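To start, the structure itself, in structure tokens.
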Amino acid sequence: MDTIRSVADYISHLKVLRSNESVERFAVRQTFFRGQANKDWPLIPTLYRNGYFEKEAAMIKEILNELPDEFNLADRVDILAKLQHYGFPTRLLDITANPLVALYFACFKEKEMDNDGAIYVFLDVEARWSDHPHVNMVMEYIFQYTPHNVNLSEMLMRLKNRPDLHILHDEGDILDCLTMPVIAIIPRKITNRLIAQEGAFFLFGMNAYPAANTHDNTYSFNTYSFTPLVIDDLDKLGFQCQKLIIPARYKREILDQLDLLGINERILFADLEHQLQYYMNKHRPSL
């Protein structure tokens, strides 16, 4: 893993990367980045790390019923993005198309200033628009199903004639969608934060297991249970990934350099709390 000591060091490293970006009807191929303030943190969404996985559909259903005006959005990806924006556990993991934004997030957490940070560079990722059939299939599961005893034959009968799910021909197509390690999504930019951070998401998949029949412990045909898929090896992502290390001793200097380039808390976060925090940090007395 390479070490980054400054913004110039980082840019020099990026220059050697080559990507083959393209735009299609349902997908865009490009390079994405993610910064994490602690290099030892795994790549895992909040829904998978805090024990909420089995309650995913129930929690969303309750929120949509209790807060209809806040989440009166036609696009299900928009709903998840808004939940993510306010810190609610989802299976989305934030990524960005802007390498300097990722560098900022690798450095900025005050509680992690004594720990090395990391930047993940995801090369030539085939990212889907939010109306891609693969995305629609996963959204259908998220909003309508629980992880246990999902009958794929019944699901196929219900969904196979939907135009937005034209890829579904048999139960295997459903299983393929739900067990993809991650799907990169370019969402609609419904918040100022998504715009400022050039945000996108990884939508995490699941492990699938044949579900046991509770009566005789045999396995039911085309009935599965699901568990969170944990990325413990970057090779499992399905595309090339580089991990760059930001030593703790360089973090504050890098943040100062990024501030000169207009990459700071005031620009990346639109809410008043972060705006004021930026000015507090700017005028904080030196110790």
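Surface exposure of the chain, expressed per residue as accessible area with a 1.4 Å probe, stands at 53 Å².
Surface composition of the chain: carbon and sulfur atoms hold 50% of the protein heavy-atom accessible area at a 1.4 Å probe. Amide H contacts of Ser225: Asn149, Val150, Tyr209, Ala211, each under 5 Å away and 5 or more positions distant or on a separate chain (H built 1.01 Å from N in the peptide plane; Pro and chain starts excluded). Calculated mean residue ellipticity, 222 nm, the chain: -9500 deg cm²/dmol, from DSSP H runs (n ≥ 4) at -39500 (n - 2.57) each, averaged per residue and rounded to 500. Relative to the first principal axis of the alpha-carbon coordinates of the chain, what is the inclination of helix 272-282, with its axis defined by its Cα atoms, in degrees from 0 to 90 and to the nearest 10? That works out to roughly 30 degrees. Label points 7 Å out from Cα along the Cβ direction at Asp131 and Asn161: separation in nm? Between Asp131 and Asn161, the simple spin-label model gives 2.2 nm. Take the chain and mark each of the GluC sites (Glu not before Pro) that is in a DSSP loop with at most 15 other Cβ atoms within 10 Å; the longest unmarked stretch, sites excluded, is 71-287. Mind checking which of Leu244, Phe32, Tyr141 is farthest towards the positive end of the chain's charge dipole, using Cβ charges of +1 (Lys, Arg) and -1 (Asp, Glu) about the Cα centre? Result: Leu244, furthest along the dipole toward the positive end.
Simple rule: put +1 on each Lys or Arg Cβ and -1 on each Asp or Glu Cβ in the chain, find the dipole, and look at Ile183, Ser12, Ile95; the Cα lying farthest toward the positive end is Ser12. Under the simplified labelling scheme, the Lys236-Thr179 pair shows an inter-label distance of 1.3 nm, with each label point 7 Å from Cα along Cα→Cβ.
The values are calculated or read from the model by the stated rules, or taken from the named source; none is laboratory data. Note that the coordinates shown come from a computational prediction; the quantities given were computed from them, not determined experimentally. Every residue, glycine as well, gets a Cβ built from its backbone with ideal geometry; the counts of neighbours run over all protein chains shown. Accessible surface areas use protein heavy atoms only, side chains included; no ligands, DNA or RNA. Shrake-Rupley method; radii C 1.70, N 1.55, O 1.52, S 1.80 Å.
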